[in-house]
Amino acid sequence: MKRLLIGASAAALFFFPSIAAANDGFAGIDAGGITFAKTDAVTMAKEELFISLDEVRVSYVFKNITANDVTGEVAFPLPPFMISIMLESDTDDRLSSGDEFNVLGFTALVDGKPVSLSADAQYRLPSYDTEGRITSERDVTQRLKSLGVPTTYNAETVIAWFATLPAETQKALIAEGLFYEASEPGRYAPAYSVSAIFHWTQTFPANSEVRIAHSYRPMPSGSVPGVWPDLEAQYCIDEGTKRGIEKTLAPLGTEAGEGMMVVQYYLSYILSTANSWAGPIGDFTLTLDKGDPTSIISLCMDGIEKTGPTTFRVHKTNFKPERDLQIYLLKAEKTE
């Protein structure tokens, strides 16, 4: 595994065949690319993936290798997000400024034509062990939908909705663990997670190729800068990378660093679910853009080539991903 210092400076789509955050940090929503229920009928012949802080875009070529059409529901589900974290940690304005459910601005094209998306929400109530780790999750979608819960990531909207419910309903939801008393007495926040699912019906014609492309604006989590043992392992941050980070942070607190802000971001992208297709990814290309020549980016992947001041490329054939992408990016910028 190559440990990479670049410069000195997710969600996934699912196919269901119808025939055979921390203190001093901010929360985000991970996402990924296309994944399908296990199929032997359709191969992922090609994937071209571009990742930056501002945009993720992916294009695929799928081929139905059978003599029969395959039709099913293609979906782009976002991972569960605890919306109550908005009350305790900074979040992207897209989560708190309104009730738009497609917070990542996800769009899709099939053979170059826009797809009309349907949207659904799933709600899960986690259980925790004594150390605060999630041990299990219970699906509470029907319970909440039956009461008319707002389809939103905005915690304040849900809190306001809860306050309008009859007293007996409120007591029941609290007893079921779905709501808890927040920092202010009499103010109850949701204890469940929300997952958005965007989907459409897709046919893969017999012995034919289908080109699917999708894009969205990522919402990475982040924190004040610092390197800890778990980060070193997760992002393959080696000694050379750490020295680059220290060099970037050195001006902070000095006259040279006046008006300077440094943030480290954590981007994720689901790759391993591509293994549900018939065979490996025939032709895979990953392009990374760190945005600024002075930024630092680190991840665990081999075969990375520098292609420009801010861009890097990985190309593989017959690629069978063994792990998902976890990307560390340190960015310094002037605040004035």
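The values are calculated or read from the model by the stated rules, or taken from the named source; none is laboratory data. Note that this is a predicted model, so its numbers are computed, not measured. Cβ sites come from the backbone with ideal geometry, for glycine too, and all protein chains shown count toward neighbours.
Numbers for the structure displayed
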item: Subset of the stretch 145-181 [over 30 Å from F198 (Cβ atoms) and touching a strand residue (DSSP E or B) at 6+ places or on another chain (Cβ under 9 Å)]; result: Q170, I174, E181
item: Subset of the stretch 249-292 [under 20 Å from I237 (Cβ atoms), of a type in the set (G, A, S) and out of contact with any helix residue (DSSP H, G or I) (no Cβ under 9 Å at 6 or more places or on another chain)]; result: S268, G291
item: Strands (runs of 3 or more DSSP E) wholly inside the stretch 238-336 that include at least 2 residues being of a type in the set (F, W, Y), modelled with pLDDT under 95 and closer than 15 Å to V224 by Cα; result: 260-269
item: Unmet criterion (only one of (1) closer than 19 Å to T43 by Cβ; (2) surrounded by fewer than 19 Cβ atoms within 10 Å (Cβ to Cβ)) for D292; result: (1)
item: Elements of type strands (runs of 3 or more DSSP E) contained in the stretch 126-235, each with 3 or more residues being more than 22 Å from the chain's Cα centre (by Cα) and over 30 Å from V110 (Cα atoms); result: 179-181
item: Residue list for the stretch 98-121, restricted to those being polar (S, T, N, Q) and assigned to a strand (DSSP E or B); result: T107, S118
item: Test set (1) out of contact with any Pro (no Cβ under 9 Å at 6 or more places or on another chain); (2) at pLDDT 85 or above; (3) under 30 Å from P114 (Cα atoms); (4) not polar (S, T, N, Q) - P220 fails condition number; result: (2)
